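Structure record follows, encoded as structure tokens.
The values are calculated or read from the model by the stated rules, or taken from the named source; none is laboratory data. Note that the structure is a prediction, hence the values are computed from the model and not measured. Counting neighbours? That spans all protein chains shown, and the Cβs are built from the backbone with ideal geometry, glycine included. What goes into the accessible areas is simple: the full protein's heavy atoms, side chains included, and nothing from ligands, DNA or RNA. Shrake-Rupley method; radii C 1.70, N 1.55, O 1.52, S 1.80 Å.
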Amino acid sequence: MGERVLGFCMALLPKEKFSTVEFDGDNADNCNFPMNGGLSYIGMISMIDPPRPGVPEAVASCQQAGIRVIMVTGDHPLTAQAIAKKVGIIHPDANSIILQEQRGEEVEKALNDEAQTAVVVHGTVLEREIAVGKDIEGQNKATTFWNKVLAKKYVSFARTSPAQKLLIVNACQERGGIVAVTGDGVNDSPALKKADIGVAMGITGTDVSKDAADMILLDDNFASIVKGVEEGRIIFDNLKEVDCLYSVFKYTRNPSVYSVCCSGHAFTATDTANSLC
């Protein structure tokens, strides 16, 4: 299910000794109350941070428009996988593998399995694989690793550090990608700055992340980014059409002879001139 689970326990302490104590500490060495034994298990609670309404539809729109969506999170790989499938970053029916404990040849074997169309990469695996040298063919193993990971149809990263987020951005850019990064924390700032388009959260975002970004998302909603892309493409198409019309008037001496095709419609330059008057 990908939910976060917390376990709870209790201990009975003498009231006369601990009635006024402000409990502090998180392990047996620094706690100001006894933690060695005497704890009784109570139960557990699961929590989930559900996706915002419209996010699955927005992800689908991105994929249909040729925009690849990669999730980079600090969550556990199982949680990351569940969330990615829920919002469509990983197709629900896709065969996916989690790279977490594997090393060396195990990682290579997993990535070479073409039946696995989705991969979730743990930060420790990422750090370990890019730190190695060259393989027996003299190729850089980090380059080979990135090529195989990013060749998968669906990719997510879990338990990542700020430095690893920057490495992910670099790897995508080195392979010709135009990268947009979203983030809200101080730790996201290097990746926001390195990206071709850094998008900071306007509500939950820190001042540092906003300063590093190229754009601020006022409503913190991923779906708004998709709407912005749609509007931007409309503007770009309109600019191309205007440039096309300008070329007709600039280079055509006899408008009645030449025609141009803009927006899927063929018409003569004379028709164009009349329609603009």
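Once a ≥ b ≥ c are taken as the square roots of the eigenvalues of the Cα gyration tensor of region 165-242, is the result rounded (a/c under 1.5), prolate (a/b larger than b/c) or oblate (a/b not larger than b/c)?
oblate
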**Prompt:** Given 0.36 nm per residue, what is the gain on full extension from residue 57 to residue 29 after removing their alpha carbon distance, in nm?
**Reply:** 5.2 nm
**Asked** Normalised by the residues of region 65-137, what does the relative contact order come to in percent, with Cα pairs under 8 Å and at least six apart?
**Response** 29 percent
**Request:** Would you kindly find the accessible area of residue 184, with a 1.4 Å probe and non-protein molecules such as ligands, DNA and RNA excluded, rounding to the nearest 10 Å²?
**Result:** 60 Å²
**Message:** Under the rule a/c < 1.5 gives rounded, and otherwise a/b versus b/c splits prolate from oblate, where does region 18-167 land using the Cα gyration tensor?
**Reply:** oblate
**Message:** How much accessible area per residue does region 12-104 have, counting only protein heavy atoms and a probe of 1.4 Å, in square angstrom?
**Reply:** 67 Å²
**Request:** Work out from phi, with θ = phi - 60° and the Karplus expression 6.51 cos²θ - 1.76 cosθ + 1.60, the ³J(HN,Hα) of each residue of region 188-200, listed in order in whole Hz, and give x for Gly and Pro.
**Result:** 7, 4, x, 5, 4, 6, 6, 4, 5, 9, x, 10, 9
**Item:** region 60-201, accessible surface, carbon-and-sulfur percent (1.4 angstrom probe)
**Value:** 51 percent
**Mean Cβ count within 10 Å, highest first, over the residues of peptides 172-179, 53-60, 12-19** = 53-60, 172-179, 12-19
**Request:** Quick one: of 153/240; 165/210; 86/227; 85/227; 86/141, which pairs are farther than 24 Å apart, Cα to Cα?
**Result:** 153/240; 86/141
